[in-house]
1. Criterion first (in contact with a strand residue (DSSP E or B) (Cβ under 7 Å, 6 or more places away or on another chain) and either modelled with pLDDT of 90 or more or of a type in the set (Ser, Thr, Tyr) (or both)) does THR126 satisfy it?
2. What are the residues in segment 156-189 that are crowded, with 19+ Cβ neighbours inside 10 Å and of a type in the set (Val, Ile, Thr), if any?
3. Hey, among the residues in segment 240-255 that are surrounded by 12 or more Cβ atoms within 10 Å (Cβ to Cβ) and more than 30 Å from ALA188 (Cα to Cα), which one's modelled with the lowest pLDDT?
4. Are there any pairs with C-beta distances below 8 angstrom linking a residue in segment 197-213 that is farther than 17 Å from PHE160 by Cα and at pLDDT below 85 to a residue that is among the hydrophobic types (A, V, I, L, M, F, W, C) and surrounded by 14 or more Cβ atoms within 10 Å (Cβ to Cβ), with the two at least 6 apart or on different chains, and if so which?
5. Condition first: in the same structural domain as ILE132 (by the TED database), at pLDDT 80 or above, closer than 16 Å to ALA188 by Cβ and not basic (Lys, Arg). Can you find one or more residues in segment 23-33 that meet it?
6. Of all the residues that make up segment 148-182, how many are modelled with pLDDT of 85 or more and small (Gly, Ala, Ser)?
7. Among the residues of segment 129-145, write down those that are within 22 Å of GLU55 (Cβ to Cβ) and in contact with a strand residue (DSSP E or B) (Cβ under 8 Å, 6 or more places away or on another chain).
Amino acid sequence: EENEVVGFDEEAKIVIERLAKGTDDLDVIPVVGLAGLGKTTLAIKIYNDPKISYEFFKTIGPQQYKPKRSFLVYWKDSRNARQNIKIWLSGGKCLIVLDDLWATDVVDSVMKVFPENSKGHRIMLTTHDLRIGRYANPGPHSLKFLTDKESFQLLEKRVFGSNIRKCPEDLIAHRESIAKQCSGLPLAVVVIAGALKGHTSERVWQMVKDNVGKHLINKDDPQSCLKYVEMSYGHLPEDMKACFLYCGAFPQGFEIPAWKLIRLWISDGLINSNLDDRPEDIAEI
C-alpha cells in the first residue's frame, strides 16, 4: 500500500538526510507524533528507500522484529545476544529502526550495545511521547498533520484506488467535508475510506459525512474504541496494570473520585511507600 501513502515525501526526505549526514559518532534520530499520524508508515517508507540501502552497510527495520517485545527482550536480557549484535555492528555503518517506543530505558539499552568505533551508526526511533524523543535527542523530528489537500488525496486514493485517483464530481463536496473532519490524521482518513470503499452513492457519502465521529470510534464494532485502551494497557508496568484494573470496580458512567481509588490501591498494598513520602503522595504521582 506504499503507493497509496500521501504527505510523507518531504518528511522522509528530511529524516533520510539527517540519517545520512552528520557525525561519525552514533546518532539517534527520533520521530515524534500523535497516534494515527503515520509514524510506522513513515518508518517503513524511509527504511525501504534506496538511499538507505546505499548509505548503510547493514540494517534492521520495523518489519524484521515482530512481535516487537521479543526483539526488545533480545537486546535487553541476553548478554550473548548483545555480544553477537556488537560483532554484527562492527562490519560497517549500520542503521536500526525501532518503532513505537514507550520507555526511555529501551533507548539506553540499545545505545549500550553500539560499539564506539566511529562508523557512523544510526538509530531511528518512533514514539508518541515527546519526552522520550527529547531524551534520545534534544532535536527530534516532529511529524506534521496532513494538510486538507493531502487528506483529500489520501481519501481519494484509498476509496477509488491509486490508478483512478479521481472522485466523481457529485461527491467532491462530501469528500472535502469528510477529509477536513479527520483533522489531518492519516489513520482517521484510512478508517473513513474503509467505510466508503465500493460506494459511489451520494446518499452513502452524505450519511458518512454526517457521522464521521461515529465511524472513527465505532466502526462495525461498538467495542472498537477499547482496542486503543488495550494497546496502551499492554505497555503499562505490571503494578500500574493492577492499579488501572481497579477502575472496573466502579459502575459504568460513574465519576470515580481519585481519593477513593487511591485508598483502594493503598489498602491492597499496591503502593510502595518509603521514609520520605506518604503512600497518598506516591499514588498521586
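The values are calculated or read from the model by the stated rules, or taken from the named source; none is laboratory data. Nothing here was measured: the structure is a model prediction, and the numbers come from that model. A quick note on method: Cβ atoms are made from the backbone with ideal geometry, for glycine too, and the neighbour counts reach across all protein chains shown.
1. On the way: in contact with a strand residue (DSSP E or B) (Cβ under 7 Å, 6 or more places away or on another chain): yes; either modelled with pLDDT of 90 or more or of a type in the set (Ser, Thr, Tyr) (or both): yes.
Spelling it out, THR126 is indeed in contact with a strand residue (DSSP E or B) (Cβ under 7 Å, 6 or more places away or on another chain) and either modelled with pLDDT of 90 or more or of a type in the set (Ser, Thr, Tyr) (or both).
2. Selection gives VAL159, ILE178, VAL189.
3. In this case the residue turns out to be PHE250.
4. From segment 197-213, the pairs are VAL212/ILE178; VAL212/CYS182; VAL212/ILE192.
5. Initial filter on segment 23-33 (in the same structural domain as ILE132 (by the TED database)): 23-33.
In the following step, the residues that additionally are at pLDDT 80 or above were identified as 23-33.
Filter once more, so that each one left must be closer than 16 Å to ALA188 by Cβ: 33.
Subsequent filtering for residues that are not basic (Lys, Arg) retains 33.
Yes.
6. Here is the first cut: in segment 148-182, the residues modelled with pLDDT of 85 or more are 148-160, 168-182.
Going one step further and asking which of them are small (Gly, Ala, Ser), we end up with 151, 173, 177, 179.
Adding up the residues that qualify gives 4.
7. Just the residues of segment 129-145 that are within 22 Å of GLU55 (Cβ to Cβ), to begin with: 136-137, 139-141, 143.
Within segment 129-145, ALA136, ASN137, PRO140, HIS141, LEU143 qualify.
Listed here are the residues, each with its yes/no results for (1) outside the structural domain of VAL191 (by the TED database); (2) under 18 Å from the mean Cα position of the chain (by Cα).
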site: THR104; (1), (2): yes, yes
site: VAL113; (1), (2): yes, no
site: HIS121; (1), (2): yes, no
site: MET124; (1), (2): yes, yes
site: THR127; (1), (2): yes, yes
site: LEU130; (1), (2): yes, yes
site: ARG134; (1), (2): yes, yes
site: GLN153; (1), (2): no, no
site: ARG158; (1), (2): no, no
